[in-house]
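Report on one structure; see the data block that follows.
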Amino acid sequence: MNTGKPQRRFSRRKTTPSRPRPANPKLVLLNKPYGVLSQFSGSDGEQTLKGLVPFNDVYPAGRLDKDSEGLLLLTNDGDLQHKISHPKHKMTKTYWVQVEGVPTESALQQLRDGVELNDGMTLPAEAFVMDEPMNLWPRNPPVRERKSVPDCWLCIKISEGRNRQVRRMTAAIGHPTLRLIRAGIGKWLLRGLQPGEWREEPPVW
């Protein structure tokens with residue numbers, strides 16, 4: 001019999017319990033070399049993470065483009081992996097960026113205010129000119145620089161993770177990226193690691 005009262009609907013979806021935290025949680029900080037994929041498998045001839053770290057139970061928390069270098073976090077803790085990589089946590093990522101030309105203060109302010117990309121406006125970022133990073137390792141292959149065009153280094157901090165975002169941001173202000181190194185993710189820093197080197201830190205959130 002229809003009483004005229006709205007019928008309450010119940011969802012049949014089952015909730016999946018979160019995975020238990022591992023008994024031996026690991027967090028590995030790796031300086032990913034240029035040309036290496038942020039994964040453990042790839043096509044023939046592609047360089048991957050396999051062999052760079054001596055663990056077979058850790059996975060990248062987030063990604064770093066093949067043609068970018070620097071800090072990549074790997075963990076066996078699914079909760080920590082989610083907190084590091086999921087956009088809703090807005091974890092700050094710090095990049096050292098070698099760009100073509102020398103941006104004006106007005107151009108840098110565009111990065112700070114947000115720039116329009118083909119997938120929408122970016123969130124405000126920190127951006128300033130910096131000296132070349134100390135003890136910077138040579139890139140192999142070297143950056144193609146034009147003798148007639150100067151270049152400089154920027155420090156850019158963002159809290160998003162769109163595909164090739166920093167490269168697209170510098171291109172949007174007229175200064176293409178020549179070299180991109182991620183120096184930090186949240187509180188975790190590259191801090192002296194050379195390409196291919198890693199260290200393990202306590203996975204405390």
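If you take all C-alpha pairs in segment 32-88, what percent of them are over 16 Å apart? Tail of the P(r) past 16 Å holds 44 percent of the pairs. Approximating the spin labels as points 7 Å out from Cα along Cα→Cβ, the residue 135-to-residue 198 distance works out to 2.1 nm. Among the listed pairs 66/90; 83/187; 66/187; 26/50; 157/187; 90/157, those whose Cα-Cα separation exceeds 19 Å are 66/90; 66/187. Of the residues 108, 29, 123, which exhibits the maximal mean-square fluctuation in a Gaussian network model of the chain defined by a 10 Å Cα contact cut-off? Largest GNM mean-square fluctuation: 123.
Using a probe of 1.4 Å on the protein chains alone, the accessible area found for residue 175 is around 30 Å². From its DSSP helices (H runs of at least four residues, each -39,500 (n - 2.57)), the chain gives a residue-normalised ellipticity at 222 nm of -3500 deg cm²/dmol. Springs between alpha-carbon atoms under 10 Å, Gaussian network over the chain: tell me which of 60, 22, 87 tops the mean-square fluctuations. The residue with the greatest mean-square fluctuation here is 22.
Debye-formula intensities of segment 89-129, expressed as log10 I(q)/I(0) at q = 0.18, 0.34 Å⁻¹, are -0.59, -1.20 (one equal scatterer per alpha-carbon, no solvent). Semi-axes of the equivalent ellipsoid of segment 36-127 are 30, 18, 11 Å, computed as sqrt(5λ) over the eigenvalues of the C-alpha gyration tensor in descending order.
With 5 Å bins beginning at zero, the pair-distance distribution over Cα atoms of segment 85-205 amounts to 2, 10, 20, 22, 19, 14, 8, 3, 1, 0 %.
Most tightly packed first, judged by the mean number of other beta-carbon atoms within 10 Å of their residues, the peptides 136-144, 62-70, 92-100 read 92-100, 62-70, 136-144.
Taken along its three principal axes, the alpha carbon spread of the chain comes to 84, 45, 35 Å, from the longest extent down to the shortest. Between segment 105-163 and segment 20-62, the alpha-carbon centres lie 26 Å apart.
Residue 148 contributes an accessible area of around 100 Å² to the protein surface, as traced by a 1.4 Å probe with all chains present.
The values are calculated or read from the model by the stated rules, or taken from the named source; none is laboratory data. Here the structure is a predicted model, which means the values were calculated and not measured. Every residue, glycine as well, gets a Cβ built from its backbone with ideal geometry; the counts of neighbours run over all protein chains shown. All accessible areas refer to the heavy atoms of the entire protein, side chains included, with ligands and DNA or RNA removed. Shrake-Rupley method; radii C 1.70, N 1.55, O 1.52, S 1.80 Å.
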